[in-house]
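Asker: Sharing a structure with you now.
The values are calculated or read from the model by the stated rules, or taken from the named source; none is laboratory data. It should be emphasised that the depicted structure is a prediction, and the values quoted were computed from it without experimental measurement. Backbone-built Cβ (ideal geometry, glycine too); neighbour counts: all protein chains shown.
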Amino acid sequence: MNKGELIEAIAKVTETKVEAAKVLETTLTAITKSLKKGNPVTLIGFGTFKVSKRKARIGRNPQTGKPLKIKAKKVPVFKAGAALKKAVK
């Protein structure tokens, strides 16, 4: 399912696709803002979005084999909740 298909699924419950798109965009924006602040977003039964820190490390250029430095960074992580895991089984 892509973003357009998700909007269509939400539009079946809301009145229009425009309204569904606003709902989805607002939800994604709220999750993004919370993660930017370093706060996790927990949706009981669905899962948790949080930010994980990756340490700096040494990697290798696959073309030349030369070592290169990979900087430390923050990455978003999603952990599925129990209800979601059970539904997918």
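Asker: Just wondering, is there one or more residues in the range 52-73 that are in contact with a helix residue (DSSP H, G or I) (Cβ under 9 Å, 6 or more places away or on another chain) and within 29 Å of Val88 (Cβ to Cβ)?
Answerer: No - not one qualifying residue is present in the range 52-73.
Asker: Does Ala83 satisfy being surrounded by 12 or more Cβ atoms within 10 Å (Cβ to Cβ) and farther than 22 Å from Thr29 by Cα?
Answerer: Against the criterion (surrounded by 12 or more Cβ atoms within 10 Å (Cβ to Cβ) and farther than 22 Å from Thr29 by Cα), Ala83 qualifies.
Asker: For the range 1-56, give me each residue that is part of a loop (DSSP other than H, G, I, E, B), within 13 Å of the chain's Cα centre (by Cα) and over 30 Å from Ile70 (Cα atoms).
Answerer: Residue satisfying the conditions is Phe46 alone.
Asker: Mind checking whether some residue in the range 9-32 is surrounded by fewer than 11 Cβ atoms within 10 Å (Cβ to Cβ), assigned by TED's automatic domain parsing to the domain that holds Lys89 and of a type in the set (A, V, I, L, M, F, W, C)?
Answerer: For the range 9-32, residues surrounded by fewer than 11 Cβ atoms within 10 Å (Cβ to Cβ), assigned by TED's automatic domain parsing to the domain that holds Lys89 and of a type in the set (A, V, I, L, M, F, W, C): absent.
Asker: So which residues in the range 13-50 are farther than 22 Å from Leu84 by Cα and basic (Lys, Arg)?
Answerer: Residues satisfying the conditions are Lys17, Lys22, Lys33, Lys36, Lys37.
Asker: Would you be able to say whether some residue in the range 70-78 is exposed (fewer than 11 other Cβ atoms within 10 Å of the Cβ), in a loop (DSSP other than H, G, I, E, B) and in contact with a Leu (Cβ under 9 Å, 6 or more places away or on another chain)?
Answerer: The answer is no, given that none of the residues of the range 70-78 is exposed (fewer than 11 other Cβ atoms within 10 Å of the Cβ), in a loop (DSSP other than H, G, I, E, B) and in contact with a Leu (Cβ under 9 Å, 6 or more places away or on another chain).
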